[in-house]
Amino acid sequence: MKTQNLLKFVARFAIVHLLVQSVFAFVFVAIQNSLPEANRVALDLYEPYRSVGLVSYLGQLLRGIAFALVFFPFYTILFERNIGKIVLFSSMFGIALIGSVEPQPGSIEGIIYTLISFSEHAFVITTVALQMLVFVWLVFKVERKFSTQALRKEGKLVSFKATKGYLTRFVVVHLVTYWVVGSIFYQVAGYADALDSMEIFELWRPLENLPAVLLVFFGQIFRGAFLGILLYPFYELYIQKRNGWLLLFLLFIGLTALGSPIFLTEFIVFEGTFIEFLKELIIGIPEIVSQMLIFSVLFFLWQRKAYKKNISKETI
């Protein structure tokens, strides 16, 4: 029965996502094509929205499926509570775009690492925000109609006392794993050559100077805090489970990577030789998976220990 519920939810979620995405993509691309070329360099390069076509449809269908699979374990938080709409919107807009691992238009990583213009960032952020507002409204309408469980309970977040120090731990573990894993992969995965040769890195800012290093460091402090706050509503569910680190990893990689507007679409676009495709795979993806997995395990173990300690104090 649970498998049937999962499949039905994934189908509903992915179809609604694809329909809404297609409408906004049509409008976005029409406006993008009307802009002077100098004002849409990053939009043309990264293609946060693509023209209607098989690649666009397939990529966004896969993205909708990925979102649904990530959200299903947290269905009660999203669809049985009044805060659900806010959590779903903040996840699909805030985490998947602004907190995305992709240095793309509209993301914190894009601001840190690239020279993308303010207007291009603003255009993508505004469009995705409107898209997700429409999507959240529509998907809740669909869930009310097809699911007898939707929106029956109020529900509250876990008490603040049980989460004292949560954000500090989140940011510390994020910074440590980001820098350590990133430094290792920079040395062993040929990032330096990729930065010089791959088209996707054309708009990257020079990183060999103090201002750039400071921007990356303080930018990641902000990004870590941003992600920690937006992921907090899921905390009460995963922190109480023995395999909670796996649920956290699912959230992290599912939203910041697979949920990115361009990640899955770029992944299925096969251009050039198979060797070149493999080369692109090893630039970024192994680092992303490793960093998020290590983060999820370390943060979960540290936070769960603190959680149990605080809960025991409350019961005394």
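In segment 267-316, of all residues being of a type in the set (Gly, Ala, Ser) and within 16 Å of Val180 (Cα to Cα), the one that is modelled with the lowest pLDDT corresponds to Gly284.
Taken together, Leu78, Leu133 contain a single residue that is open to solvent by 40 Å² or more (accessible area, probe 1.4 Å), out of contact with any His (no Cβ under 6 Å at 6 or more places or on another chain) and over 30 Å from Glu208 (Cβ atoms), which is Leu133.
Of all the listed residues (Leu215, Leu247), the sole one being modelled with pLDDT of 95 or more and either under 20 Å from Gly106 (Cβ atoms) or surrounded by 19 or more Cβ atoms within 10 Å (Cβ to Cβ) (or both) is Leu247. Quick one: which of Leu138, Leu130, Leu97, Leu115 is among the hydrophobic types (A, V, I, L, M, F, W, C) and under 16 Å from the mean Cα position of the chain (by Cα)? Selected residue: Leu97, the only one of Leu138, Leu130, Leu97, Leu115 that is among the hydrophobic types (A, V, I, L, M, F, W, C) and under 16 Å from the mean Cα position of the chain (by Cα). Among the residues of segment 71-84, is there at least one that is under 12 Å from Ile262 (Cα atoms) and in contact with a Ser or Thr (Cβ under 8 Å, 6 or more places away or on another chain)? Taking every residue of segment 71-84 in turn, none turns out to be under 12 Å from Ile262 (Cα atoms) and in contact with a Ser or Thr (Cβ under 8 Å, 6 or more places away or on another chain).
Of all residues in segment 48-69, how many are among the small types (Gly, Ala, Ser), part of a loop (DSSP other than H, G, I, E, B) and in contact (Cβ under 8 Å) with a residue 12 or more places away in the chain? Of the residues in that region, 1 qualify. Looking only at segment 112-130, residues that are surrounded by fewer than 19 Cβ atoms within 10 Å (Cβ to Cβ) and over 25 Å from Val20 (Cβ atoms) come to 3 in all. The conditions are (1) closer than 15 Å to Leu264 by Cα; (2) at pLDDT 95 or above; (3) not hydrophobic (A, V, I, L, M, F, W, C), and Ser91 fails exactly one of them. Which is it? Status for Ser91: all satisfied but (1).
The values are calculated or read from the model by the stated rules, or taken from the named source; none is laboratory data. Source: prediction; values computed, not measured. A quick note on method: Cβ atoms are made from the backbone with ideal geometry, for glycine too, and the neighbour counts reach across all protein chains shown. Only protein heavy atoms, including side chains, enter the accessible area calculation; ligands, DNA and RNA are left aside. Shrake-Rupley method; radii C 1.70, N 1.55, O 1.52, S 1.80 Å.
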